[in-house]
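Worksheet: one structure, shown below.
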Amino acid sequence: MTTREQLLSLLESGKGTYFSGEEIARRLSVSRAAVWKAVKALRQEGYPIDAATNRGYCLARSSDILSPQGVQRYLGPDCQAFDLTVLPSVGSTNAWVRERADQGAPEGCTLIAGEQTAGRGRFGRSFFSPGDTGVYLSILLRPTHCPLPQVSQLTALAAVALCRAIAAVSGKEPRIKWVNDVFLEGKKVCGILSEAAFGMESGTLEYAVLGVGMNVYPPKDGFPPELASLAGWILDAPVEDGKNRLAGEFLRRFRELYTAPAPEDAIREYRDRSLVIGRSLTVTLGTETRAAQALNIDDQCRLVVRFDDGTTQALSYGEVQIRL
């Protein structure tokens, strides 16, 4: 690790505690000048580091800036498989991870960003990803012997992990709108985008990139007009380590579900948290739109619907809107 990274790790471990320049230099085995240079670099990146005469340096306890060290605090010993990179801004977290997947990166390669300048949602749509108020992350997964029908379960596991993380941090209970959106108090606060690469001959999964976007706080300039009535946020005001904790809680809980022997419990929770079962829907499949009733979500995470003509179908893809 660089001196800057070591210093950030030290300050994160003792948030709110002052460390003298002499103590930091001794712990990191560097000069006092190197300590000052690292402090200056972190301040330029936005970290609120206080300096006090005869006391030293302190990372403000109330700070809420994403960092690998901050996220690691919430992962626990069972999550060492995550190779974390944290960037203030990136074009697309999924594109960044996919590029590394094509270069042979191992499972667990994870990027967390505070902003996306070219964030993507389903069907190539843009994903609103402003700086400072959201968390955007992508994970590289290389599950063995995973056929096409099981890929949709990765999205379901992520949705359940998101709900558990949000509940732990906010005290609120989110719901899931099939197939990939998490809602809180009637508004979308998270979106999931899973992308996969398959072997042409085997038909099995080579890798998957699981992308998650969270609206942690209200955007400073508000949502765009087309999203204002649809989008919400998880926390009303900044809280200590809110973004690091949400990212860490999600990664830890997703890892627990992903490595579980069987997904039945997670799929049951996905079903229990459903926002659509029993509701009247408008279903869009390609260019066709039909009215339907949501009956259930099956064990393959398909949405079972009954159309107005009485026929039923288990949907593995498509979009639904709840009819009020």
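Would it be correct to say that Ile112 is surrounded by fewer than 22 Cβ atoms within 10 Å (Cβ to Cβ) and of a type in the set (A, V, I, L, M)? In short, no. The lone criterion from (1) among the basic types (Lys, Arg); (2) loosely packed, with under 15 Cβ neighbours inside 10 Å; (3) out of contact with any strand residue (DSSP E or B) (no Cβ under 7 Å at 6 or more places or on another chain); (4) closer than 28 Å to Arg245 by Cβ left unmet by Arg26 is number (4). Looking across segment 91-112, the residues that are part of a strand (DSSP E or B) and in contact (Cβ under 8 Å) with a residue 40 or more places away in the chain come down to Thr110, Ile112. Checking each residue of segment 56-70 against the condition of being buried (at least 21 other Cβ atoms within 10 Å of the Cβ), hydrophobic (A, V, I, L, M, F, W, C), outside any strand (DSSP E or B) and in contact with a strand residue (DSSP E or B) (Cβ under 6 Å, 6 or more places away or on another chain) gives at least one match.
Run down Cys190, Cys163 and say which single residue is crowded, with 20+ Cβ neighbours inside 10 Å, in a strand (DSSP E or B) and not hydroxyl-bearing (Ser, Thr, Tyr). Before you say what the answer is, go through the steps one by one.
Values: Cys163 fails: in a strand (DSSP E or B).
Just a single option satisfies the conditions, and that option is Cys190.
Just one of the numbered conditions (1) touching a helix residue (DSSP H, G or I) at 6+ places or on another chain (Cβ under 7 Å); (2) part of a helix (DSSP H, G or I); (3) in contact (Cβ under 8 Å) with a residue 24 or more places away in the chain is not true of Val30; which one? All conditions are met except number (2). Quick check on Arg290: is it part of a helix (DSSP H, G or I), surrounded by 13 or more Cβ atoms within 10 Å (Cβ to Cβ) and not β-branched (Val, Ile, Thr)? Taking the combined requirement at face value, the residue does not satisfy it. Look at Val320 and say whether it is in a loop (DSSP other than H, G, I, E, B), of a type in the set (A, V, I, L, M, F, W, C), over 23 Å from Ser138 (Cβ atoms) and touching a residue at least 60 places away in the same chain (Cβ under 8 Å). So Val320 does not fit the description; no.
Restricting segment 293-324 to residues that are among the charged types (D, E, K, R) and in contact with a Leu (Cβ under 7 Å, 6 or more places away or on another chain) leaves a set whose member that is surrounded by the fewest Cβ atoms within 10 Å (Cβ to Cβ) is Arg323.
In segment 271-282, the residues that are in contact (Cβ under 8 Å) with a residue 12 or more places away in the chain form Cβ pairs under 8 Å with partners that are among the basic types (Lys, Arg) and in a helix (DSSP H, G or I), at six or more places apart or across chains, as follows: Ile277/Arg271.
Inside segment 39-55, residues that are under 28 Å from the mean Cα position of the chain (by Cα), touching a residue at least 12 places away in the same chain (Cβ under 8 Å) and either in the same structural domain as Glu115 (by TED's automatic domain parsing) or exposed (fewer than 14 other Cβ atoms within 10 Å of the Cβ) (or both) make up a count of 2. Residues in segment 259-270 that are surrounded by fewer than 21 Cβ atoms within 10 Å (Cβ to Cβ), out of contact with any Asp or Glu (no Cβ under 9 Å at 6 or more places or on another chain) and in contact (Cβ under 8 Å) with a residue 60 or more places away in the chain: 1 in all.
Give the residues of segment 210-235 that are farther than 24 Å from Val160 by Cβ and without any contact (Cβ under 8 Å) to a residue 60 or more places away in the chain, sorted by residue number.
Of segment 210-235, the ones farther than 24 Å from Val160 by Cβ are 218-229.
Gly222, Pro225, Glu226, Ala228, Ser229, listed by residue number.
Among residues of segment 197-209 that are among the hydroxyl-bearing types (Ser, Thr, Tyr), those with a beta-carbon under 8 Å from a residue that is modelled with pLDDT under 65 at least six positions away or on a different chain give the pairs Thr204/His145; Thr204/Cys146; Thr204/Pro147.
Which residue, of Thr259, Thr284, is within 22 Å of Asp298 (Cα to Cα), outside the structural domain of Val97 (by TED's automatic domain parsing) and either modelled with pLDDT under 95 or not charged (D, E, K, R) (or both)?
Values: Thr259 fails: outside the structural domain of Val97 (by TED's automatic domain parsing).
It is Thr284.
Yes or no: Glu5 crowded, with 17+ Cβ neighbours inside 10 Å and of a type in the set (Asp, Glu)? Spelling it out, it is not the case that Glu5 is crowded, with 17+ Cβ neighbours inside 10 Å and of a type in the set (Asp, Glu). Residues that are in contact with a Pro (Cβ under 6 Å, 6 or more places away or on another chain) and either at pLDDT below 95 or among the polar types (S, T, N, Q) (or both) were ranked within segment 117-168; the one that is farthest from Gly232 (Cα to Cα) is Gln153.
The values are calculated or read from the model by the stated rules, or taken from the named source; none is laboratory data. Everything numeric in this text was worked out from a predicted model, so none of it was measured. Glycine also receives a Cβ, built like all others from the backbone with ideal geometry; neighbour counts cover every protein chain displayed.
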